[in-house]
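Values quoted throughout were computed directly from the atomic coordinates according to the rules given, and no laboratory measurement underlies them. From a predicted model like this one, the values you see are computed outputs, not experimental measurements. We place every Cβ from the backbone using ideal geometry, glycine too, and count neighbours over all the protein chains shown.
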Amino acid sequence: MNILPLKAMFMLAWRNLWRNHRRTTIMLAAITVGVWAMIFMTALMRGMVDDMLLNGIRSLPGEVQIHHPAYRDDPSINNSIAAPDEELLKALQIPQVTAWTSRVRVPAVISSERDTRGVVLLGIEPDSEVQVSFDADTIYEGRFLEDSSDRGLVIGAKMADHLETDLGKRVVVMSQDPDNNIADRGFRIVGIYKAKLASLEETYIYAGRDTVQKLLKLGDNVSEIAITSEDYRNVDNWYPRIKQAAGEGVETLPWYEVDTYLGSMLAMMDGFVLVWIIIVFLALSFGLVNTLVMAVFERVREIGLMQALGMRPSTILYQILMESLLLLLIGLLLGNILAVGTVIPLQAGIDISIVAEGMEMMGTSSMLYPALKLNDMIMANVIVIVLGLLTSILPAWRAASYDPIEALNKT
Amino acid sequence: MSSIVCKDLCKTFQQGEEIITGLDHVSIEIDAGDFVCLSGPSGSGKTTLLNAMGGLDTPDSGRIRVGNTQVDELGKGPLADMRLHKIGFVFQAYNLIPVLTARENVEFVMQVRGEPAQERSQRSHQILKEVGLEGMEDRRPAQLSGGQQQRVAVARAIVSKPTLVLADEPTANLDSVTAGQLMDLFVELNQNHNITFVIATHDTRVMAYARRLIKMRDGKIISDEKQQQPQIED
Ligand SMILES: Nc1ncnc2c1ncn2[C@@H]1O[C@H](COP(=O)(O)OP(=O)(O)OP(=O)(O)O)[C@@H](O)[C@H]1O
Ligand SMILES: [Mg+2]
């Protein structure tokens, strides 16, 4: 085979690349910035969506939930399930599960001496709840619940405002037990939390699980079991195992089925990221093709010479593609470094509160945490290389199809 | 056995309205191991004939055989293979790849042929020494004079001892001493390695080395004589 060895091809490509310093530098800068834009913007978008999704998921669901089959249609106390049995407890030991908790979750009414509001009452087990959803740091006055039999109540700051009540004051919480009898109880407010979303503060009030079970005469029953893992995207890998252990009598669902809006949001985002990467690439490809066309045009004679000496047209084609690949690889390397280098310092969060007014209703908070995903980086890199080489085929093909004599005699 | 057989080659070029004759019914047989000079005034068709023999250019009609290969029947790829493996070229005008050093230019074809690295560097060193470029191996073409560049091209053409060397004005740009050394080298390779040489030239000093001198004019062969080749003294 009369193909130049890879090493020689690489060397030739490298030298040819630096023949026109300025053009190569400009092109490299363009690829670098383009790749940076792909990855950086994707990280921002991902951060935003993650934030929305996590707020969504953490604002109670958990990534996988177990419910009474009728609970989602009628989230009343009648549709409760038994506490996890031994089989389920064993399944919850799998390494993918980082935490799980069980909750009682019922519609309720909370009254202070000033006002009355409809809320969702959560009877929780504080230690595990903290790992699944509740962020104890958001308690800004008082304390969080200490254990399941804690007799205190934790409410949101907005709710405290509405009720014109305060830490240490007493409120009455009212709901129905399974026999449809009114069950009510006085609670002392032991903690007030602030959530990223004001609507959460107005919706959820927290009490000890045992306390709520007693109040509602539930025995050991709970409304839901919520489970989280390392990465909410990977639930499909492990949730069937839980589903099997939980049995047929209950409904075990991953988050995207519990909340189809969140699920479709994520799917849409994946598509959006792809479109974004391709748009940036298209802008780049013009520069890339131009660079190669110029590089080929300047070297007509020498390409003719190589052919005259016996290099096959296909070898010429590979040679030009090699140059393009080299350009792309260097640009990608720089772009990736730049992207990672700019995202990492921002991972502590970007304060977007100035522009984020009104974004809350979309489910985002006022801090944006860019999320650099390996998959996104791989996708950007693969797209740039594959499409980059594809667009380079045209100029490379042109070079390969020169007639050696005509090319040699070109002046 | 004949190394090259050309039968009735015709080639015309179109330049605007004008039709220019490159080759006009040229038939010629060149024996293996011969040392042939093509001479004739500028525009007489020397380069055109060399290109046809080397499979670089296709004549409008006629047949060409080089060794056992019927050149006019080959496609682009096999033609490239033939040039690579059987023929050493020295072109009239543009010979070297600018981004490669003298040594790399010489090694380039060997590399494409897939010859091992050690052999390549040994032979390229040797041949560059023989053409008088010792110490300049690592210069790029732009750092060499026209004559030195020409010698690099010659070194590349003969480094792998091809069966046929087609050289177009190899001594253009060379002073008479270097030209003489180069011709001595050609004759040595011709006599000791049985390499066939076909050299197009205006240079009467070069013609003196030929064993067969072919004169062309207007795309035709006008004379074809055998002559005594000087023996080289070591
Ligand atoms: N690509 C071409 N297009 C048009 N005319 C050409 C082309 N190549 C050669 N010719 C013409 O064909 C004729 C023969 O050219 P050729 O190059 O073979 O001459 P030559 O004997 O090599 O001349 P020189 O000694 O100047 O190199 C010339 O008249 C030349 O102008
Ligand atoms: Mg000529």
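Computed over region B:116-182, the percent of Cα pairs more than 19 Å apart is 31. Among A:ALA396, A:ALA83, A:ALA308, the residue with the largest mean-square fluctuation in a Gaussian network model of chain A, with springs joining Cα atoms closer than 10 Å, is A:ALA308.
The alpha carbons of region B:110-150 occupy a box of 30, 18, 15 Å along the principal axes, longest dimension given first. Rg to Rh for region A:196-344: what is it, with Cα atoms only and Rh by Kirkwood? When Rh is taken as the Kirkwood radius, the ratio is 1.30.
Note: relative contact order over region B:109-234, using C-alpha pairs below 8 Å and six or more positions apart, is 18 percent. The loop-placed chymotrypsin sites (Phe, Trp or Tyr not before Pro) in region A:1-40, going by DSSP, that have at most 12 neighbouring Cβ atoms within 10 Å of their Cβ come out as A:TRP18. Split chain B at each of the GluC sites (Glu not before Pro) in a DSSP loop with at most 16 other beta carbon atoms within 10 Å, and the longest piece is B:18-133. What the Cα atoms of the protein assembly as shown give is an Rg and a Dmax of 41.5, 129 Å. Normalised by the number of residues in region A:62-257, the mean separation of alpha-carbon contacts (under 8 Å, six or more apart) gives a relative contact order of 36 percent. Taking other C-beta atoms within 10 Å as the exposure proxy, A:ARG22, A:ARG143, B:ARG103 rank A:ARG22, A:ARG143, B:ARG103 from fewest upward.
The calculated FRET efficiency for the pair A:GLN244 and A:ASP177, based on their C-beta separation and a Förster distance of 22 Å, comes to about 0.10. With contacts taken as Cα pairs under 8 Å and at least 6 residues apart, chain B reaches a relative contact order of 28 percent.
When chain A is treated as a GNM with alpha-carbon contacts under 10 Å, the residue of A:ILE277, A:ILE350, A:ILE242 showing the greatest mean-square fluctuation is A:ILE350.
Ignoring lysines fewer than eight residues from A:LYS158 along the same chain, the ones with Cα atoms less than 28 angstrom from its Cα are A:LYS169, A:LYS194, A:LYS196, A:LYS214. Applied to region A:285-291, the Karplus parametrisation 6.51 cos²θ - 1.76 cosθ + 1.60 on θ = phi - 60° returns per-residue 3J(HN,Hα) values of 4, 4, x, 5, 4, 4, 4 Hz, with x for Gly and Pro. Partner aspartates and glutamates whose Cα lies under 13 Å from the Cα of A:LYS373, excluding those fewer than 8 positions away in the same chain, are identified as A:ASP50, A:ASP231, A:ASP270. Taken over region A:62-257, the percentage of Cα pairs per 5 Å bin, counting from 0 up to the bin with the maximum distance, is 1, 8, 16, 20, 19, 16, 11, 6, 2, 0, 0.
Counting only Cα atoms, the size of chain B along its three principal axes is 47, 39, 39 Å, in decreasing order. Could you check how many percent of all C-alpha pairs in region A:4-116 are farther apart than 17 Å? Counting pairs separated by more than 17 Å, the tail of P(r) holds 77 percent.
Label separation (A:SER199 vs B:ARG113): 7.7 nm, computed from points 7 Å beyond Cα along the C-beta direction.
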